[in-house]
Number of protein chains: 2
Amino acid sequence: MNNSNNINDAFKGWSDKSYNRGRHLVERDITTLGWATPFYPDNSIPEHVLNATVSGLKNHGSSYLLPEGDLRLREAIASRLKKFNNLDVNSHKEILVTPGSNAGLYYAVKPFIKPGANDEVLIPDPSYTGNFLSVRLNGGIPVSVPLHASDGFQLDVGEFEKKLTPNTKMIILSNPNNPTTTVHKRENILSLCRLCVEKDLIMVVDHSFEDIIFDSRELLTIASVEEMWERTITVFSLSKGMGLSGYRIGYLVACEELMSIYHRFAVNILGPVNTAASYGAKAALEDYAFVDFYRKIFERRREVAFKMISQIPGVDCLFPESGYMLWVNISKLGTSDEIVKYLIDDARVIVNPGTEYGACGEGYIRIIYGAFKDDEKIYSILERIKESLKKLAFKKGII
Amino acid sequence: MNNSNNINDAFKGWSDKSYNRGRHLVERDITTLGWATPFYPDNSIPEHVLNATVSGLKNHGSSYLLPEGDLRLREAIASRLKKFNNLDVNSHKEILVTPGSNAGLYYAVKPFIKPGANDEVLIPDPSYTGNFLSVRLNGGIPVSVPLHASDGFQLDVGEFEKKLTPNTKMIILSNPNNPTTTVHKRENILSLCRLCVEKDLIMVVDHSFEDIIFDSRELLTIASVEEMWERTITVFSLSKGMGLSGYRIGYLVACEELMSIYHRFAVNILGPVNTAASYGAKAALEDYAFVDFYRKIFERRREVAFKMISQIPGVDCLFPESGYMLWVNISKLGTSDEIVKYLIDDARVIVNPGTEYGACGEGYIRIIYGAFKDDEKIYSILERIKESLKKLAFKKGII
């Protein structure tokens with residue numbers, strides 16, 4: 001039997017190249033710098049978070065939580081939103097705890113896409129893979145809005161305006177942006193917000209990397225902008241900044257009207273989050289000084305990693321504004337896929353092809369320098385990448 | 001601003017009665033017998049599962065797992081599937097670990113529904129709420145297929161045939177069934193399988209209650225029936241039988257062709273499961289003798305609960321075949337909603353209205369006698385229900 005007649009087109013034909021690359025990594029003993037999670041694969045749970053998790057599990061067991069999340073966790077989230085995001089939200093009615101931000105992003109988009117209605121969603125390109133997939137898997141049409149290296153991949157409202165049609169329904173973006181590390185500037189965000197209000201668009205913003213921002217750059221939370229609260233859904237995560245990716249905890253924040261819809265179906269699509277992890281997440285949100293410590297590590301590594309990769313002839317590297325990754329223009333050496341394959345074979349290291357982040361990512365690779373706890377280990381892997389790419393540049397006559 | 005123009009119709013107009021009832025429970029200090037999870041709200045984690053969870057967390061940390069789940073957990077699942085479900089599956093290619101069976105059910109259905117194509121899905125009524133919602137939230141049309149009290153709510157292939165149209169795409173059922181506790185008989189399942197093959201239908205089967213079956217009834221795993229493997233997706237859970245609902249671990253099983261599609265998008269919709277819980281789940285699946293112990297408790301309670309509720313004048317109660325619930329015909333006393341409301345006010349107990357499980361559930365309520373660890377506690381709550389309903393029967397002139 002062949003089931004292909006039964007399968008929805010949105011589920012066919014998507015390249016599974018990088019998926020399969022991921023699967024076979026472990027078997028081939030290749031070092032991965034492709035997973036954006038702090039110190040992966042090393043353990044990174046802070047002591048107070050571990051203790052809260054274990055004691056929650058031992059003392060309170062592991063029954064279901066409410067679909068919208070444990071109230072005490074939601075209160076810790078509300079308190080953090082006030083301090084960190086300039087948002088004053090009702091912990092009963094305006095927060096939904098989600099099993100990570102990926103599921104959160106998919107779910108954030110879902111109620112707004114009318115299948116069969118050709119709803120279009122504007123998405124900066126390059127930006128996180130899930131921004132495109134969340135739309136496609138919900139039956140909408142992702143529309144790529146190019147970002148430009150010339151201005152550090154900042155949002156450009158003019159580019160959004162060019163892509164508007166009567167079917168435009170929503171904008172999805174990540175701030176800070178993954179993979180470019182760009183922290184979007186206030187003036188550009190404000191222009192985009194004006195467009196959003198004028199055209200009655202929904203805004204979904206992924207804040208996964210909000211914890212790791214360098215050089216005191218301002219993070220403007222779009223939901224806090226005038227007239228944006230009631231049309232913005234913000235997606236948060238404890239994975240990227242806090243290193244708690246295996247906890248599977250994130251949260252959505254939106255106005256009561258939108259949240260009443262999210263709350264109602266949460267259990268049927270997302271399920272509640274893991275109960276013990278919820279206790280740990282509360283501890284992490286209440287005392288997140290460890291994130292400053294992480295940021296200092298990544299800031300130190302940023303200098304070394306940037307310098308090392310920039311020295312490769314023909315390679316152009318962006319000085320990171322956030323996170324723990326390099327966004328590297330390798331177009332003079334080959335396509336994204338060629339270079340990724342080359343580095344697996346020659347340097348025995350896996351990095352992400354730029355094309356994972358949209359068509360405009362062609363000619364780029366993403367390198368996670370936040371992997372592993374040991375600085376020297378990550379430097380020696382970066383050195384392997386550097387030597388491999390230098391060899392390739394030499395072969396291509398670039399010196 | 002009002003966002004209602006932006007919202008997909010499938011997300012509007014669904015009654016949130018029982019959702020809101022759930023929310024306010026805690027505040028009103030009402031005892032809930034509405035959550036189908038063993039011993040809820042008491043802790044029910046077996047010692048060896050707790051130890052494996054905590055030591056996994058402490059020793060291996062909590063980085064991301066592979067989207068399809070940790071291989072060692074999938075191996076434990078494959079071994080259990082062989083022993084328990086008569087299924088010989090490839091742990092690399094035919095299993096997907098999911099964050100519980102609710103998200104698993106939604107996800108199982110997703111690739112087969114073509115939005116806008118009016119795909120119809122046949123669903124026994126009454127059966128689990130999620131069977132209907134998973135279809136609706138994916139853009140399909142749930143078609144209710146009535147089950148009948150007269151034959152203990154067994155599957156009746158004739159009823160399915162009556163509802164077939166050219167748009168029929170899939171059948172979803174739970175075995176054992178929730179809320180009726182029916183364990184579907186081999187001969188009925190085989191007839192339904194023949195229909196499925198003949199009409200090229202996909203079959204989704206939820207096995208959430210497979211662990212708690214009484215009187216040595218046979219559980220026929222549909223995926224093991226000839227010609228069904230390649231068209232069946234089976235949804236499993238560690239919540240209902242093993243009491244690990246807060247772990248958020250379940251699994252999907254399907255042939256490689258279908259699973260390659262599920263695997264590919266798992267991370268974008270479901271996310272991987274909680275890492276520490278995955279270690280605990282492996283321990284639970286490798287040593288599940290505790291489930292026999294749970295079953296004996298529920299079997300003992302079944303006798304008492306059935307007897308108590310059956311004594312109420314005008315009330316008709318099914319002797320449970322599985323699980324830890326009573327499916328109670330209260331139609332002589334009032335509608336499902338009236339009786340639920342009455343019991344909250346008069347007995348200070350919450351139970352589920354039959355209408356949560358489809359239109360055919362009208363006139364029924366579901367009572368979870370598996371709540372709490374202490375037998376006497378549950379008996380005293382059932383006594384409150386009995387006294388309340390007797391009083392109501394008396395008022396209505398039923399003696």
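The values are calculated or read from the model by the stated rules, or taken from the named source; none is laboratory data. Note that the structure is a prediction, hence the values are computed from the model and not measured. FYI the Cβ positions are ideal-geometry reconstructions off the backbone, even for glycines, and counts take in every protein chain you see.
Looking at B:Val143, B:Val183 in this structure, which one is under 19 Å from B:Ala117 (Cβ atoms), more than 14 Å from every other protein chain (Cβ to nearest Cβ), within 20 Å of the chain's Cα centre (by Cα) and aliphatic (A, V, I, L, M)? It is B:Val143.
Of everything in the range A:343-399, what is in a loop (DSSP other than H, G, I, E, B), among the aromatic types (Phe, Trp, Tyr) and within 26 Å of A:Phe153 (Cβ to Cβ)? Give them in sequence order.
Here is the first cut: in the range A:343-399, the ones in a loop (DSSP other than H, G, I, E, B) are A:347-348, A:351, A:358, A:362-363, A:369-374, A:396-399.
In the following step, the residues that additionally are among the aromatic types (Phe, Trp, Tyr) were identified as A:369, A:372.
Matches in the range A:343-399: A:Tyr369 only.
Residue pairs whose Cβ atoms lie under 8 Å apart, sitting 6 or more positions apart in sequence or on different chains, and linking a residue in the range B:138-153 that is at positive phi to a partner that is of a type in the set (Val, Ile, Thr) and crowded, with 20+ Cβ neighbours inside 10 Å, are B:Gly139/B:Ile113; B:Gly152/B:Thr180; B:Gly152/B:Thr182; B:Phe153/B:Thr180; B:Phe153/B:Thr182. Of all residues in the range A:189-223, exactly one satisfies the criterion of being under 13 Å from A:Phe160 (Cβ atoms), more than 14 Å from chain B (Cβ to nearest Cβ) and among the charged types (D, E, K, R), namely A:Arg194.
Mind listing just one residue for me: the one in the range B:224-254 that is in a loop (DSSP other than H, G, I, E, B) and acidic (Asp, Glu) and, of those, farthest from the other protein chains (Cβ to nearest Cβ)? Steps first, answer last, please.
Of the range B:224-254, the ones in a loop (DSSP other than H, G, I, E, B) are B:225-228, B:238-244, B:248-249, B:254.
Restricting the remaining residues to those that are acidic (Asp, Glu) gives B:226-227.
Details: B:Glu226: 12, B:Glu227: 8 Å.
Result: B:Glu226.
Report the residue count in the range B:336-361 for those that are farther than 30 Å from B:Pro142 by Cα and polar (S, T, N, Q). Can you show your working first?
Keep residues of the range B:336-361 that are farther than 30 Å from B:Pro142 by Cα, which gives B:342-349.
If we keep only those that are polar (S, T, N, Q) as well, we get none.
The total comes to 0.
The condition (being in contact with a helix residue (DSSP H, G or I) (Cβ under 9 Å, 6 or more places away or on another chain), modelled with pLDDT of 95 or more and of a type in the set (Asp, Glu)) is satisfied by just one residue among A:Asp287, A:Asp292: A:Asp287.
How many of the residues in the range B:255-265 are of a type outside the set (Phe, Trp, Tyr), assigned to a helix (DSSP H, G or I) and facing chain A (nearest Cβ under 9 Å)?
Applying the first criterion (of a type outside the set (Phe, Trp, Tyr)) to the range B:255-265 yields B:255-261, B:263-264.
Imposing the further condition that a residue be assigned to a helix (DSSP H, G or I) reduces the set to B:256-261, B:263-264.
Filter once more, so that each one left must be facing chain A (nearest Cβ under 9 Å): B:257-258, B:260-261, B:263-264.
So the answer is 6.
Residues in the range B:40-71 that are more than 7 Å from chain A (Cβ to nearest Cβ), crowded, with 21+ Cβ neighbours inside 10 Å, under 18 Å from B:Val291 (Cα atoms) and out of contact with any Phe, Trp or Tyr (no Cβ under 6 Å at 6 or more places or on another chain): B:Val49 only.
Which of the residues belonging to the range A:189-212 are among the hydrophobic types (A, V, I, L, M, F, W, C) and assigned to a loop (DSSP other than H, G, I, E, B)? Give the steps one after another, and end with the answer.
Applying the first criterion (among the hydrophobic types (A, V, I, L, M, F, W, C)) to the range A:189-212 yields A:189-190, A:192-193, A:195-197, A:201-205, A:209, A:212.
Listed by number, the residues that qualify are A:Leu201, A:Phe209, A:Ile212.
The number of residues in the range A:145-175 that are assigned to a strand (DSSP E or B) and surrounded by fewer than 18 Cβ atoms within 10 Å (Cβ to Cβ) comes to 1. Inspection of the range A:303-311 identifies no residue that is outside any loop (DSSP other than H, G, I, E, B), within 14 Å of chain B (Cβ to nearest Cβ) and surrounded by 24 or more Cβ atoms within 10 Å (Cβ to Cβ). Note on the range B:72-90: among residues that are surrounded by fewer than 16 Cβ atoms within 10 Å (Cβ to Cβ) and in a helix (DSSP H, G or I), the one that is farthest from the other protein chains (Cβ to nearest Cβ) is B:Lys83.
Filter the range B:109-137 down to the residues that are assigned to a loop (DSSP other than H, G, I, E, B), farther than 12 Å from B:Leu173 by Cβ and in contact (Cβ under 8 Å) with a residue 40 or more places away in the chain and list them by number. If you could, list the steps in order and put the result at the bottom.
We begin by selecting, within the range B:109-137, every residue assigned to a loop (DSSP other than H, G, I, E, B); these are B:113-119, B:126-128, B:137.
Keeping just the survivors that are farther than 12 Å from B:Leu173 by Cβ gives B:113-119, B:137.
B:Ile113, B:Ala117, B:Asn118, B:Asp119, B:Leu137, listed by residue number.
Condition (residue is in a loop (DSSP other than H, G, I, E, B), within 7 Å of chain A (Cβ to nearest Cβ), small (Gly, Ala, Ser) and touching a residue at least 60 places away in the same chain (Cβ under 8 Å)) applied to the range B:271-279: is it met by at least one residue? Yes, the range B:271-279 contains at least one residue that is in a loop (DSSP other than H, G, I, E, B), within 7 Å of chain A (Cβ to nearest Cβ), small (Gly, Ala, Ser) and touching a residue at least 60 places away in the same chain (Cβ under 8 Å). Reported count of residues in the range A:97-119, each being away from every other protein chain (no Cβ under 12 Å) and over 19 Å from A:Lys240 (Cβ atoms), is 0. Residues in the range B:214-246 that are touching a residue at least 12 places away in the same chain (Cβ under 8 Å) and small (Gly, Ala, Ser): B:Ala223, B:Ser224, B:Ser237, B:Ser239, B:Gly241, B:Gly243, B:Ser245. Against the numbered list (1) surrounded by fewer than 17 Cβ atoms within 10 Å (Cβ to Cβ); (2) closer than 26 Å to A:Gly100 by Cβ, A:Lys199 comes up short only at (2).
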